[in-house]
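Read the figures in this text as sums done on the coordinates, not as results from a lab. Worth saying up front: this structure is predicted, and the values here are computed from it rather than measured. Please note: Cβ atoms are built from the backbone with ideal geometry, for glycine as well, and neighbour counts cover all protein chains shown.
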Amino acid sequence: MGQIIVNPGNKEAALEKGRNLLSYLQEAGVNINASCGGIGICRGCLVNVIDNECLNQLTDIEKKSIRLPGERLACQAKIVNENGSVVVEVPTIAKYKILEKGISKKIKLNPYVTKEKSPVGEKVCWKNIEIGNYEGEMYGIALDIGTTTISMYWVDFETGEEHFISSILNPQIGYGDNIIDRIKYAMVSSQSHLEKAIREGINEMIREGPIDTNHIYEMTVVGNTAMRDIFIGHSVKKLGLAPFEPISKNAFNRNASKMDLVINPKANVYALPLIGHFVGADALGVVLSTEMYESNKITMAIDIGTNTEIVLGNRDRLFATSCASGPAFEGSGIKCGTGAIEGAIQRIEIDNDLKSHCETIGDVNPVGICGSGLIDLLAQMLDKKIIDWRGKFADERKEYIVAKTTDGVNISLDGRDIDNLKLAKSAISVGTKVLMNKYDIGRNDIETLYLAGAFGNYINPVHAIKIGMLPDIPLNRISKVGNAAIEGSRQALISKDKRSEAERISKKIKHVSLELEKDFQERFVEELTFNNYRKED
């Protein structure tokens, strides 16, 4: 029987007829981008193959994507001959521009991890239980596990300050770029692969940090419902079946040694509670850090991502929902879309001659368009009447060319791309309007709109309002709070009071399931147009 060799790493496995290359890469724990879930539309799993004799011929999907000899899409390339060898070279995934910082608030330092004196020297304790000798430093880790990225703070328990910050692309992207694909993988294949991928990625981040790993005595975790539960080892199968609820919404404590984490083996891992359905601990982190739960005024927080979470209310009552906004604004499903990597077009202006002027991440040659650029592009195309209020081209063109790559390939937006972006913006728009209707308020009643997360931080709110993605409120009421979720995780790490508040608030927030709203479908269809540009009859 033949073998497959995967590089980097020189990992080997036996050839099995009918298996695709992507399954081998996932099994080997190789960092590969399969953001479309292995259906061949994202080009993320493009690899170089030496000896194609054991593989099927190029599929029709590959013929549209392959540019150079030897390239294959790992999800499309299947073993047809077991009596040979295949060498697969996996390219390095481009580095993402990741938002690491968020709002930071000085709070009273009151952690569960403390330094206590004993007859034989100073000890480190957690909830008064001795977990080690004090050796000059005590640290904790605040973690935010996003569908696309993971962010981490190293926090000093003696000062409450973060001393080091790190972020990486979530290694689970090899199993799909959205929550649903990963839940399906957990249900059909094995959740253990997803757990291993996320924990190994986090361990690598910890090892690369500046702190002795044995001096890390607690970790607090936020993330959407699926990401949190996969990390802590709760089955997510119930999330794939109606009524789509997790095993438990409660906070969760577990010993680090039982999770194979490389921090102090007696350290505690604390996962903040969930709000409900797909509104997770990350949304709770945003509520905690913005302190909207204490405000007398009505505020709204939106954390835009593949799973967008929205919270609305004040100290009297809070409503929350999640929107399946999908990965379009992160580049997936968009022909020339890309994540926030070097070379991604992040700003676009169209002049009166209908020519575009672009700014790229890293100020290098363009490779595609990321989310903030896509929002700019939609708004500009509407302003310049390149497309009409329905999102259809106003003339005979089939696409709008934005730029060219160094090898002369057009970077453009076509009708199918626009349709996918409309679906994403419609989901978010409906979510905000359903919550406002539940609260019985209009957009003018929103005193502050918090935009959380990387996407919210980089978008132009003027353009987001124009396309109908955000409520049309005065710009001075919009506040970009960055990675507010991880700030909530940090506060829960260093403050018993904040941790108690998080658990109390999670039970106070009323979850709203959009799909159960009687007029949801009608609202969604209505928002598929750009009504700000609709002419009066």
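Given R0 = 51 Å, the distance between the Cβ atoms of His163 and Met187 translates into a calculated FRET efficiency of 0.80. Extension gain, Gln521 to Asn437, is 28.7 nm, computed as 0.36 nm per intervening residue step minus the present C-alpha separation. Long hydrophobic helices in the chain, taken as whole DSSP H segments with a C-alpha length of 15 Å or more on their own axis and mean Kyte-Doolittle hydropathy at least -0.5: 371-383, 415-439, 484-494.
Packing order of peptides 506-512, 331-337, 477-483, highest average first: 331-337, 477-483, 506-512 (average count of other Cβ atoms within 10 Å over each peptide's residues). Once you reduce region 450-464 and region 306-381 to the center of their Cα atoms, the two points are 9 Å from each other.
The fewest-to-most ranking of Asp260, Asp407 by surrounding Cβ atoms within 10 Å reads Asp407, Asp260. Mean separation of Cα pairs under 8 Å and 6 or more residues apart, divided by the residue count, gives region 261-379 a relative contact order of 16 percent.
Within 12 Å, Cβ to Cβ, of His277, how many net charges do the neighbouring residues add up to if Lys/Arg are +1 and Asp/Glu are -1? In short, 0. The convex hull drawn around the Cα atoms of region 100-179, when projected onto a plane and averaged over every direction, covers 7.2 nm². In terms of other Cβ atoms within 10 Å, Thr159, Thr147 run from fewest to most in the order Thr159, Thr147. Placing R0 at 25 angstrom, the Cβ-Cβ distance between Asn444 and Lys507 gives a FRET efficiency of 0.25 after rounding to 0.05. Computed from backbone phi with θ = phi - 60° and the Karplus coefficients 6.51, -1.76 and 1.60, the 3J(HN,Hα) list for region 402-408 is 8, 6, 10, 6, 4, 9, x Hz; x is used for glycine and proline.
Distances between placed amide hydrogens fall under 5 Å for Ile411 paired with Val402, Ala403, Lys404, Thr405, all partners being 5 or more residues away or on another chain.
Comparing Cα centroids, region 143-183 and region 53-80 end up 33 angstrom apart. Net length available on complete extension from Glu27 to Lys106 is 24.0 nm, with 0.36 nm assigned per residue and the Cα-Cα distance removed.
Using just its DSSP H runs of length 4 or more, each adding -39500 (n - 2.57), the chain gives a mean residue ellipticity at 222 nm of -7500 deg cm²/dmol after division by all residues. Compute the Cα gyration tensor for the chain, then decide on rounded, prolate or oblate, letting a ≥ b ≥ c be the square roots of its eigenvalues: rounded whenever a/c is under 1.5, prolate when a/b is larger than b/c in the other cases, and oblate in all that remain. Judged from the Cα gyration tensor, the chain comes out oblate (a/c at least 1.5, b/c at or above a/b).
Answer rounded, prolate or oblate for region 3-89, using the Cα gyration tensor with square roots of eigenvalues a ≥ b ≥ c: rounded when a/c is under 1.5, else prolate when a/b is larger than b/c, else oblate. Verdict is oblate for region 3-89. The lysines within cross-link reach of Lys108, meaning a Cα-to-Cα straight distance under 16 Å and a gap of 8 or more places when in the same chain, are Lys496, Lys498.
When you filter the GluC sites (Glu not before Pro) in region 166-261 for DSSP loop state and at most 12 other Cβ atoms inside 10 Å of their Cβ, you are left with Glu208. Taken along the Cα-to-beta-carbon direction at a fixed 7 Å, the label points for Val409 and Leu475 span 3.5 nm.
Both radii were evaluated on the Cα set of region 333-407; the Rg over Rh quotient, with Rh as the Kirkwood radius, amounts to 0.96.
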